[in-house]
Amino acid sequence: MIEVLGLSKHYGGRKAVDDVTFTARPGRVTGFLGPNGAGKSTTLRVLLGLDAPTSGRALVAGRRYRDLAQPLRTVGALLEGAGPVPERRAADHLMWLARSNRIPRRRVREVLDLTGLAEAARRRVKTYSLGMRQRLGIAAALLGEPDVLILDEPVNGLDPDGIRWVRDLLRDHAASGRTVLLSSHFMAETAGIADDVVIVHRGRVVVRGSLAEVTAGHASLEEAFFARTGDRTGGPR
Amino acid sequence: MSAFRAELTKILTLPGVWIVTGVVLALQAVVMSQSAGLFAGAVAAITPDGVIEVFAGLPQPADEAILGLLAGASLQMGPFLPVLAAVIAGQEFRSGQLGVTVLAVPRRVRLLVAKLLATGAYVLVVALLVAGTSTAFLYAAVRDWNPGLLLTGEAVLGHARFVAFAVLFCVTAFAVTLVLRGTLAGVVASLALTAVTMTQVLAAIALELDALLPLGAARNLLLDPGVNDLTASPGHGLAVLAGWAAATALIAGLALGRRDAR
């Protein structure tokens, strides 16, 4: 379970996130949607303890992220702008992550196999394509077999096979009773995966509910978004 | 312990760390090989009453002089070791690595302690290798005169002082790099601290100020007061180095705790 309660994050006078409240429940994929600059990544960074909130609270499994003793065993996260040093080998990147949270060494091999990177495990990350880097980020998120997955734009750079693989992975994860929070600006893609939807626009939640509730009376999730925001440009302030 | 092991793994799997370590050790070997002939000649000319003249016109008791050379030989790498610390710390500010690190170890105090211990442990090994290189070259010079000299308690104490300097100075450089958020900035700041000592700018104003700089403190800690103009006692030097390490680590901790992990 993920609970975000009245969360705000201001940079000087700019409100990147403004009083955001939502819940992502176990057994469901929650789509966290909005255009670029809407405040999605900032919300996730605060939720994951990387950035301090200006006000409000964000809890994972009932606790602040930084209060989790071995967080990678509870939460697997992929964040844009948080990646490995390019000169390090992929296997070494996963190995230090595993050691930091007392995750068994065998999990490194397992997630490399799962993400199709086993053959390239000894290559340095700087030689990876964008899609391979994305797979490595997902491998890192899955390393601790977490109950909660928080993924920021996970299909960026993936080919159609990769997109399908991520879609199946997230559905399977939720189907096993675990929590998935999927942040994306691709509304059509997310509509194919999500059970619940939270749409943010200009730092504020404009609508939240089940996919059926949010899209009721609209041809698509995208149309529902434009109807709620009255904004066809969708850009940041 | 798990965070410490993770940080050590990060250090050992970063090519830049191996490159800088290799350069430091190679540089030490080159510098020592350049001086090897001078040492051998001076040792061969030791008088029957045990006096050596390493520097022309400056006769000294041979055993004191050799031990002084041993400490001074390792200290030559002093200005280069902080580059190693800056490379280790600076990796966090490349490609968003700090974000991944904080995801894995979100408690900032625990993270900082693990980082400092891992960096200190790695630098300790490198410092021992530097000291070993110094010993090997000096052994070649003294083996026909008094090879046991390099294994005496005084020699070991000299190495211990160098290792203490190396670890404390590198912890300082590491913490400064964390505060400045970049390898280059950390290297520049560390070299600036070194340059202020080597150019004797502060020493010309007040010797007490020079004694408060890391490399000035290192000279006081390591070198022989008989042949060097020192500005304070070895104990003062050690306290200054420890003070720099503690103060900069505290500031780095505050910065890490208050700033967003970007």
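Listed values, structure above:
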| read-out | value |
| --- | --- |
| Percent of Cα pairs exceeding the 24 Å cut-off, where the set is segment A:127-237 | 31 |
| Model label zone, residue B:181; criterion: amide N under 14 Å from point 7 Å along Cα-to-beta-carbon; scope segment A:1-41 | A:11-12 |
| Orientation-averaged projected area, Cα convex hull of the protein assembly as shown (nm²) | 27.2 |
| Surface accessible to a 1.4 Å probe, residue B:248 within the full protein complex, Å² | 20 |
| Summed side-chain charge close to residue B:68 - residues other than residue B:68 whose Cβ falls under 15 Å, Lys, Arg +1, Asp, Glu -1 | -4 |
| Residue-normalised accessible area of segment A:2-229, given per residue in Å² at a 1.4 Å probe | 40 |
| Gaussian network model of chain B, springs between alpha carbon atoms under 10 Å - residue of B:158, B:78, B:96 with greatest fluctuation | B:96 |
| Heavy atoms of residue B:18: accessible area, 1.4 Å probe, square angstrom to 10 | 140 |
| Residue A:70-residue B:156 FRET efficiency (beta carbon distance; Förster radius 35 Å; 0.05 resolution) | 0.30 |
| Helix-only CD estimate at 222 nm, as mean residue ellipticity for chain B, using -39500 (n - 2.57) per DSSP H run (n ≥ 4) | -24500 deg cm²/dmol |
| Mean Kyte hydropathy of 0.0 or more with a Cα span along the axis of at least 30 Å, helices from DSSP in chain B | B:15-44, B:108-142, B:153-180, B:234-258 |
| Percent breakdown of C-alpha pair distances by 10 Å bin, ordered from the shortest bin, for segment A:2-229 | 8, 33, 36, 19, 3, 0 |
| Accessible area of residue B:205 in the full protein assembly, 1.4 Å probe (Å², nearest 10) | 120 |
| Column: log10 I(q)/I(0), Debye, Cα scatterers of segment B:77-174, q = 0.14 Å⁻¹ | -0.62 |
| Carbon and sulfur %, accessible surface of chain A computed with the full protein complex present, 1.4 Å | 46 |
| Nitroxide proxy distance, nm - points 7 Å out along Cα→Cβ at residue A:220 and residue A:23 | 3.2 |
| Residue A:207 long-range amide H proximity, modeled H, under 5 Å | A:199 |
| Rounded D (µm²/s) - segment A:17-70, Kirkwood Rh over Cα pairs, Stokes-Einstein at 25 °C, 0.890 mPa s | 200 |
| Estimated D of chain B in µm² per second, where Rh is the Kirkwood radius over Cα pairs and Stokes-Einstein applies at 20 °C, 1.002 mPa s | 111 |
| Farthest positive-ward along the protein assembly as shown dipole, Cα basis, beta-carbon charges - from B:191, B:176, B:131 | B:176 |
| Cα gyration tensor category, rounded, prolate or oblate, for segment B:1-49 with a/c compared to 1.5 | oblate |
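The values are calculated or read from the model by the stated rules, or taken from the named source; none is laboratory data. The structure presented is a predicted model; accordingly, all values stated were derived computationally and were not measured. We place every Cβ from the backbone using ideal geometry, glycine too, and count neighbours over all the protein chains shown. Ligands, DNA and RNA are excluded from the accessible area calculation, which covers all protein heavy atoms including side chains. Shrake-Rupley method; radii C 1.70, N 1.55, O 1.52, S 1.80 Å.
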